[in-house]
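What follows draws every value from the coordinates through simple rules; no lab data is involved. Everything numeric here is computed off the predicted structure, so don't read it as measured data. Cβ coordinates were reconstructed from backbone atoms using ideal geometry, including for glycine residues, and neighbour counts include every protein chain displayed.
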Ligand SMILES: [Zn+2]
Ligand SMILES: [Zn+2]
C-alpha cells in the first residue's frame, strides 16, 4: 500500500499443513512451515497442484512458537483441572471410607462375598428389595434416614457414571473397597 512497502512487507499465505499464517512457499503454489513440510513430504515430494518438487525444509519459516501467554493459560487450565480431580478424589475417598465398612459388613452378613466393587454396588441399585434391606441394616447400625438416602444417591451416581469416571477416582474407590474387605 504505502511507498515503503518493499522487502519488509512479505507476502504471506496459509500453511497447507497447519493452516496457520506462513510466509514461505514450499512449492510454486503453496505455503508451508519448516516443521509442516516434513510431514508434508512424508506424503510425497511433489506438489499435486503445481507439480513442482517441494523445497528443502531448511529454507522455510519455522512454525511460530506458542506465545508465553498461551502457555500460561494452558498451564493454568491444566492446574485447575488437576485440582478439580484432586478435590473430587478426596470427596470420594471420604465417602468410601464411611460407606464401605457398613456396606461390606452387610454383604458379609448376607453371605455375599464382596469380590467386585461395582457388581456389589449394582446389586443395590438394580433391586429395590436389596436396597430396602441395606437401608434397614444401616438403620439398625444407628444411621439416620437422611444419611442413608445420601449414601444411596451416591451409590446410584457411582454405578451410573462409573464408565466415564476419572481413572484416578476409580482407583481411589477400588483401593478403599479392597481395604475394607480385609
Ligand atoms: Zn504450518
Ligand atoms: Zn504447489
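Below are the figures for this structure:
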{"item": "Per-residue [θ]222 nm for the chain (sum of -39500 (n - 2.57) over DSSP H runs n ≥ 4, rounded to 500)", "result": "-19500 deg cm²/dmol"}
{"item": "Per-bin percent of Cα-Cα distances, the range 9-64 [5 Å]", "result": "4, 24, 36, 26, 8, 2, 0"}
{"item": "Tilt relative to the chain, helix 128-140 - C-alpha long axis, 0 to 90 degrees, to 10", "result": "60 degrees"}
{"item": "Prolate/oblate/rounded label for the range 68-181 (Cα gyration tensor, a/c 1.5)", "result": "prolate"}
{"item": "The range 1-154: radius of gyration and largest Cα-Cα distance (Dmax), Å", "result": "31.8, 91"}
{"item": "Relative packing of peptides 132-139, 81-88 - highest average C-beta neighbours within 10 Å first", "result": "132-139, 81-88"}
{"item": "Rounded tilt (10° steps) of 145-161 against the dominant C-alpha axis of the chain", "result": "40 degrees"}
{"item": "Nearest-ten-degree value, helix 117-126 long axis tilted from longest Cα axis of the chain", "result": "70 degrees"}
{"item": "Spacing of the two label points (7 Å from each Cα toward its C-beta) at residue 12 and residue 171, in nm", "result": "4.3 nm"}
{"item": "Length released on extending from residue 48 to residue 119, taking residue separation times 0.36 nm less the Cα-Cα span", "result": "19.9 nm"}
